[in-house]
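So the structure is just underneath, and the comments pick up after that.
The values are calculated or read from the model by the stated rules, or taken from the named source; none is laboratory data. Values in this document were obtained by computation on a predicted structure and should not be read as measured data. Cβ coordinates were reconstructed from backbone atoms using ideal geometry, including for glycine residues, and neighbour counts include every protein chain displayed. Ligands, DNA and RNA are excluded from the accessible area calculation, which covers all protein heavy atoms including side chains. Shrake-Rupley method; radii C 1.70, N 1.55, O 1.52, S 1.80 Å.
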2 protein chains.
Amino acid sequence: MKIGVLQLNSTIGDYAANRDKLVAAYERVCASGAEFVIAPELFLCGYPPRDLLLRPDFIEANLAAVVEVAARVGVVPLCVGFVDRNETRPGRPLTNSAAVLQNGTIIWRQIKSLLPTYDVFDEDRYFEPAKSVAPFEFQGRKLGITICEDIWNDADFWPERLYRRDPIKELIAQGADLILNISASPWCVGKEQTRLAMLQRVARDERVPLVQVNLVGANDELIFDGHSVALNRAGEPLALGKGFAEDVFVVEVDEPVPTVTAQWPVPEEQLFRALSLGIRDYVTKCKFKSVVLGLSGGIDSAITAVLAVDALGADNVLGVSMPARYSSSGSLTDAEALAKNLGIRYEVLPIEPGFKAIEGQLAGVFSGTKPNEAEENIQSRLRGVTLMALSNKFGSLVLTTGNKSEMAVGYCTLYGDMCGALAVIADVFKTDIYKLARWINREQVIIPTDSITKPPSAELRPDQKDQDSLPEYETLDAILQLYVVENLSKAEIIQRGFAAAVVNDVINKVTFSEYKRRQAAPGLKVSPRAFGSGRRIPVAQRFRAS
Amino acid sequence: MKIGVLQLNSTIGDYAANRDKLVAAYERVCASGAEFVIAPELFLCGYPPRDLLLRPDFIEANLAAVVEVAARVGVVPLCVGFVDRNETRPGRPLTNSAAVLQNGTIIWRQIKSLLPTYDVFDEDRYFEPAKSVAPFEFQGRKLGITICEDIWNDADFWPERLYRRDPIKELIAQGADLILNISASPWCVGKEQTRLAMLQRVARDERVPLVQVNLVGANDELIFDGHSVALNRAGEPLALGKGFAEDVFVVEVDEPVPTVTAQWPVPEEQLFRALSLGIRDYVTKCKFKSVVLGLSGGIDSAITAVLAVDALGADNVLGVSMPARYSSSGSLTDAEALAKNLGIRYEVLPIEPGFKAIEGQLAGVFSGTKPNEAEENIQSRLRGVTLMALSNKFGSLVLTTGNKSEMAVGYCTLYGDMCGALAVIADVFKTDIYKLARWINREQVIIPTDSITKPPSAELRPDQKDQDSLPEYETLDAILQLYVVENLSKAEIIQRGFAAAVVNDVINKVTFSEYKRRQAAPGLKVSPRAFGSGRRIPVAQRFRAS
């Protein structure tokens, strides 16, 4: 059987555009011989719609879109994700569902069984799960139609199952001889490989072919990577969708031998493509075209600028250097060299006059006090004021350039360098930033070598270096990985060989800077545990890890 | 039977303090003749612990605290909320549980059955629900021990039940003759009355006495009001805990006739007390003592200052006037008069020199452009820079003064007047702000009359008034109530008699300003639908209500 796979990018709430894109792609795969066509989870409303699901008009518009798409569907069925109403009470009023459309109408519905409610997922907040699943009979076959998480509960693949039910086993028990999975599965580093391995295990164990269509595109923090998969009954790949780009193809699922081989780009390239897609979709889905960012001469802003140029084109990126009294001359020359290498517009707007004015304004109340982070933060905040003024004047979004290591320990200024619409590298540790920079420079110097090799500095006081306040980034990132990502206790981290005083200091910094992250710009999520909507920590709390 | 009710304020993660406070109060009610003592839901770890629950060390500390409390409990049982481990798999690894402690050990456990997963609640994210409930037999009685939401599913009280199960009915069917409910039920305007009416209905219908202990105190956005309740089997009140304050009392539940009458302060007073508690607990639980805020001479900053003084004392509040070229002379005199009335420290720190400096900095890039919100926002952001500098220098938290109407339509400057640790009145519509101001001034003029009567203005351009950009607040707030709180469609709102153009404009402003709210300070929640953690809307989305 030939399955048409529509790996497309939809925009939340843009029903007309999502509908038209879906229909056009459906017609294309039909013309290429598809016998059954699949499109991603909640494609018509976009993913994740979050609390828009609580709006009856949003649900109505989604149901209307299904009817409009159905009107364009002929004899070849199209299976697509939508939000259905659940009329049974008690129970949540909605379901996350797949509709099979044919000859103008909905001929089959399958409700999602397993509703992820962890990390960034809140599906229990909105949806009632399926009570049962059943195969859809078509052309003498039994198609097991599943939605995303439904396939992520394999007892053999995972050390611990999250859910009681296993919809795949239930479908196989009812004779399903082809598993289809429509997904909106967000990416993090390495996810495309875990996902493929998991799907291969399912196909091989159940001895059925399997096709998964995954959403592509970014929405706020989440990046959907595509990488759709078609496997034969031996679990061998028959087709693999592109990564981080739309892809529409037809695959014959009954091929006994593999027809493609999985070949993955190096992790740095995958990360680069993910972040670039994240920028492009955030900016364009918000109906902006261009961005502005501060260029400090350092590695973080350099990488963010390179990504922005890849995402939006050099003409749509403005780099701004905002030197003050503690800026090194290297900062200016490195920023300028980067701008030249990238071919972007570049402005130098010194903040020194503003800094002097604020010092004068506060001279009376500050008299007799010692310089502290108050003066440092004024400089950072004046840079924020400058970038936001450019944004407000010219209609460009500000990109923030902070990395995950800084965000974790609060080595950043709220309303200062944290200003911006999107935090591009907020989920990338500093040690990975260096790897990414070396990958970017693999063929030619795009990021000035000096930006990579000089000791990192915020340059907010004389001769300041990051490592005056923080441990070496190798150490810091290792501790953060254990504390923030793996939730280890202080004692367990010390047992791994880190100095108690250093561990203590890092944990205290993480705890104390929660209030900054609460007000941070949305950050692109590329790890299993990002700061942002998937990590919810009270600010007013006194737990101290022991 | 005499029930001891411990309506106490706990701090998330402060196990030692929560434990000691609990034990001291337990000993007090035992001395007063209590035969069975109850304390709030998740009291030992504090509520809501959110993703701290994902940390094994947090769970360990909570279990250790239960053991430590048990060691101090004698023959009079103490029932208190804690986080228990759930060892069965598949299933979430934790439960939200009640422990009955007696003679040094845990003698009974009851798991919460109904897990709220809506609005600010995410309990499905963490907890496995009870499979069943059973009464706890004690002194010849059967105590039905329930946890918060367990009692909120009465089929007769609510037009629509949320859950399939009704733990109260299950307990009654097993002979429960006294219902106990340990709660962390957050407040919104009128909630104390809804809650009492609901509990009265349960007691009366089941013909059992009922005692609910509710948490008191604020944690980030949430304000727990206390107002614990004891009812006889006719549903008549036997005891009512204080509102917005700790209260510890003993009540004989078998009194056949009511012994107290519910008398509620006016809504403005309740709101005032809630917001004051919200400030005090946020500031003190974050280990700060004092606050600083901008005084514009307007009503919003005036009310915030009055609340701050009530919460923290006049000595701990600094008011700052930051005039610029468009500030009216009335702004300064009104701000000064307020500061005098409140007896707080007051500084005048004009931002004009900073504004001139930034204008100079940007003169080149801005040349040939017309003044727009860029110049307006620079002024607001320089005020943010000033307040944050004072905060960083003197260790005071900044309070933001924006109201819900402004926050809804984005009539506020991100990183400007939105700067701050806590948004005190962010969930109060402007029309309610006026009511609150009149209540504050009921006996004497505290807020200068002119601040209440003059047309509201941001004073960021010549002769600016709020109503140049916004409909009258009566109209705006009515539309916002229908759109944001009640989720009505555009057509439905117009049907209620509002002009289509106005409705359209308001809805567009709400939609377009989502990015500002994403980065807003935590705001005290006092309505059923606040901006903040209980309202989750994508930023990059294009749904337009029809």
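Ranking B:Pro353, B:Thr401, B:Ala363 by how far each Cα lies toward the positive end of the dipole of segment B:353-483 (charges on Cβ) leaves B:Pro353 at the top.
Largest first, the three principal axis extents of the alpha carbons in the protein assembly as shown are 80, 74, 68 Å in whole numbers.
So what is the diffusion coefficient of segment B:270-366 in µm² per second by Stokes-Einstein at 25 °C and 0.890 mPa s, using a Kirkwood Rh over Cα pairs?
Value of D from the Cα-based Kirkwood radius: 167 µm²/s.
Sorted into 5 angstrom bins from 0, the C-alpha pair distances of segment B:1-132 split as 2, 11, 21, 24, 19, 13, 7, 3, 0, 0 percent.
Normalised Debye scattering of segment B:1-46 at q = 0.20, 0.22 Å⁻¹ gives log10 I(q)/I(0) of -0.59, -0.69, counting only Cα atoms as equal scatterers and leaving out solvent.
Axis of helix B:373-394 versus longest Cα principal axis of chain B: the two differ by about 50°, to the nearest ten degrees.
Over segment B:477-546, the hull volume per residue, using the convex hull of the C-alpha atoms, is 88 Å³. Taking all protein chains as shown and a probe of 1.4 angstrom, A:Tyr411 keeps an accessible surface of around 40 Å². In a reduced charge model with +1 at each Lys and Arg Cβ and -1 at each Asp and Glu Cβ, segment A:1-146 shows a dipole moment near 360 debye about its Cα centre. Residues whose amide H lies under 5 Å from that of A:Gly243, counting only those 5 or more places away or on a different chain, are A:His227; hydrogens are built 1.01 Å from N in the peptide plane.
I'd like the carbon and sulfur percentage of the solvent accessible area for chain B, probe radius 1.4 Å, heavy atoms only, ligands and nucleic acids excluded. Result for chain B: 52 percent of the exposed heavy-atom area is carbon or sulfur. Dipole magnitude for segment B:296-418: about 200 debye, using +1 per Lys or Arg Cβ and -1 per Asp or Glu Cβ, origin at the Cα centre. Using θ = phi - 60° in the Karplus curve 6.51 cos²θ - 1.76 cosθ + 1.60, the 3J(HN,Hα) couplings for segment A:405-419 round to 4, 4, 4, 5, 9, x, 7, 6, 10, 4, 6, x, 5, 7, 4 Hz; x is entered for Gly and Pro.
Rounded to the nearest 500, the 222 nm mean residue ellipticity of chain A from helices alone is -11000 deg cm²/dmol, with -39,500 (n - 2.57) taken per DSSP H run of at least 4 residues.
For the residue pairs B:Lys2/B:Lys242; A:Lys435/A:Lys465; A:Lys340/A:Lys393; A:Lys191/B:Lys404; B:Lys289/B:Lys404, the C-alpha atoms sit more than 30 angstrom apart in A:Lys191/B:Lys404. Computed from the alpha carbon atoms alone, the convex hull of segment A:153-205 holds 97 Å³ per residue.
Calculate, in whole percent, how much of the Cα-Cα pair population of segment B:373-425 lies beyond 17 Å. Distances greater than 17 Å cover 34 percent of the Cα pairs. Using a cutoff of 8 angstrom between alpha carbon atoms and counting only pairs six or more residues apart, the relative contact order for segment A:11-116 works out to 26 percent. Between the amide H of B:Val348 and those of B:Ser321, distances stay under 5 Å, these residues lying 5 or more places away or on another chain, with hydrogens modeled in the peptide plane. Each principal axis of the Cα atoms in segment B:398-514 has its own extent, and those three values, largest first, are 44, 33, 30 angstrom.
To the nearest hundred square angstrom, how large is the accessible surface buried between A and B, total for both chains, probe 1.4 angstrom? Counting protein atoms only, the buried area is about 8500 Å².
The convex hull drawn around the Cα atoms of segment B:171-316, when projected onto a plane and averaged over every direction, covers 10.0 nm². Over chain A, the alpha carbon radius of gyration divided by the compact-protein estimate 2.2 N^0.38 Å works out to 1.06.
Accessible area per residue, 1.4 Å probe, Å², for segment A:187-227: what's the number?
23 Å²
Pairs of alpha carbons in segment B:100-194 separated by more than 19 Å make up 46% of all such pairs.
Ignoring the sites themselves, chain B has its longest run without GluC sites (Glu not before Pro) in a DSSP loop having at most 16 other Cβ atoms within 10 Å at B:247-442. Overall, the protein assembly as shown carries a charge dipole of about 20 debye about its Cα centre when +1 sits on the Cβ of Lys and Arg and -1 on the Cβ of Asp and Glu, all other atoms neutral.
Other residues within the sphere of radius under 10 Å centred on the Cβ of B:Pro135, judged by their own Cβ, net out at -1 (K and R +1, D and E -1).
Here segment B:356-385 and segment B:448-463 have alpha carbon centers that stand 22 Å from each other. Taking θ as phi - 60° and the Karplus parameters 6.51, -1.76 and 1.60, the scalar couplings of segment B:42-54 work out to 6, 4, 5, 8, x, 10, x, x, 6, 6, 4, 5, 7 Hz in sequence order, x denoting glycine and proline. Projecting label points 7 angstrom from Cα along Cα→Cβ for B:Glu137 and B:Glu486 puts them 5.3 nm apart.
Remark: segment B:83-159 carries 37 Å² of accessible area per residue (probe radius 1.4 Å; ligands, DNA and RNA excluded).
Which is the longest stretch in chain A that no exposed loop site breaks, taking sites as trypsin sites (Lys or Arg not before Pro) with a DSSP loop state and at most 14 other Cβ atoms within 10 Å?
A:1-130
Once backbone amide H atoms are built at 1.01 Å from N, A:Asn219 has A:Phe224 as its partners under 5 Å, excluding neighbours fewer than 5 places away on the same chain.
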